[in-house]
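> Below is one structure. I have some questions about it.
Just so it is clear, none of the values below were taken in a lab; they were calculated from the coordinates. This is a predicted model, so every value here is computed, not measured. Cβ sites come from the backbone with ideal geometry, for glycine too, and all protein chains shown count toward neighbours.
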Amino acid sequence: MSDMRFVDSLLFGRLRSASRSLFWVGLGMLVLGIGAIVFPLASTLAVALLIGSLLLISGILTLIGSFSIHGTGPFFGALLLGLLSIGAGVFMLGNPLAGAVSLTILVGFIFMF
């Protein structure tokens with residue numbers, strides 16, 4: 001029981017010492033959230049560009065990593081996944097509005113299933 005009190009007091013002490021910085025981080029997140037609600041087109045484009053860049057980077061890394069896989073099936077599967085991710089990333093970075101629409105449709109299908 002005393003071990004649990006020690007862990008609680010340690011956590012409480014760390015939270016108390018970081019409370020000022022946590023307050024400012026929370027306030028900044030609040031301002032960014034209000035900005036995203038006030039400017040939905042800008043926030044949608046920012047999310048589409050972020051996901052496009054993540055797809056492009058992960059596709060490049062998957063493509064590079066596919067050459068270290070032994071076996072024909074897994075190699076071509078990883079190669080195809082890497083190429084598809086690169087293609088989706090380039091598409092979303094090249095046309096972020098269409099990428100946002102495709103993301104919305106994808107999320108709709110996920111919620112339907």
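> Within the range 50-58, is even one residue on the phi < 0 side of the Ramachandran plot and more than 18 Å from the chain's Cα centre (by Cα)?
Scanning the range 50-58, I find no residue that is on the phi < 0 side of the Ramachandran plot and more than 18 Å from the chain's Cα centre (by Cα), so the answer is no.
> Another question, if that's okay. Would you pick out the residues in the range 85-104 that are farther than 13 Å from L54 by Cα and of a type in the set (A, V, I, L, M, F, W, C)?
Matches in the range 85-104: L97, A98, A100, V101, L103.
> Next up: Please enumerate the residues belonging to the range 22-72 that are among the aliphatic types (A, V, I, L, M) and farther than 27 Å from L97 by Cα.
L22, V25, L27, I64, I69 - these are the residues of the range 22-72 that are among the aliphatic types (A, V, I, L, M) and farther than 27 Å from L97 by Cα.
> Related question: Report yes if some residue within the range 46-56 is free of Cβ contacts under 8 Å to residues at least 24 places away in the same chain and not aliphatic (A, V, I, L, M); otherwise report no.
Checking the range 46-56: not a single residue is free of Cβ contacts under 8 Å to residues at least 24 places away in the same chain and not aliphatic (A, V, I, L, M).
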